[in-house]
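Working notes for the structure below.
Taken together, the values in this text are just the output of simple stated rules run on the coordinates, not laboratory data. On a predicted model such as this, the values are computed, not experimentally measured, just so you know. Note that each Cβ is placed from the backbone with ideal geometry, even for glycine, and that neighbours are counted across all protein chains shown.
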Amino acid sequence: MTEHPVVVLHPPQEEGGRRVTVHGEPIGVAMNLLDVVEFLRRAGLEFDENEVAVSPLIEWRGGGPSYWGPEPRRP
């Protein structure tokens, strides 16, 4: 059986941070991995910082777990 993402980290917002949804429901805007861990804990999901970065239950859109802000503006 294939595991499907339960959690989605949406692409970084213009002002930085990523919207986090669980089963399609918004649970907050994370500015870093520790924020994600805390939001998921509040939603009843236990992940540590390392698990958040690699879990198949978490889908990272618009960049991986090390990318939290908008692209730098080019002159």
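Things to note:
- Cα-based helix-to-principal-axis angle, 33-42 vs the chain, degrees rounded to 10: 40
- Peptides 46-59, 5-18 ordered by packing proxy, namely the average of other Cβ atoms within 10 Å per residue, highest first: 5-18, 46-59.
- Anisotropy class of the chain from Cα gyration tensor, a/c 1.5 cut: prolate
- Tyr67 versus His23: modelled label distance in nm, points set 7 Å from Cα along the beta carbon direction: 3.0
- Take the Cα of Glu38, step 7 Å toward its Cβ, do the same at Leu57, and the gap between the two points is 2.1 nm.
- Computed helical MRE - 222 nm, the chain, DSSP H runs ≥ 4 contributing -39500 (n - 2.57), nearest 500: -5500 deg cm²/dmol
- With a Förster radius of 35 Å applied to the beta-carbon distance between Glu46 and Glu15, the computed FRET efficiency rounds to 0.75.
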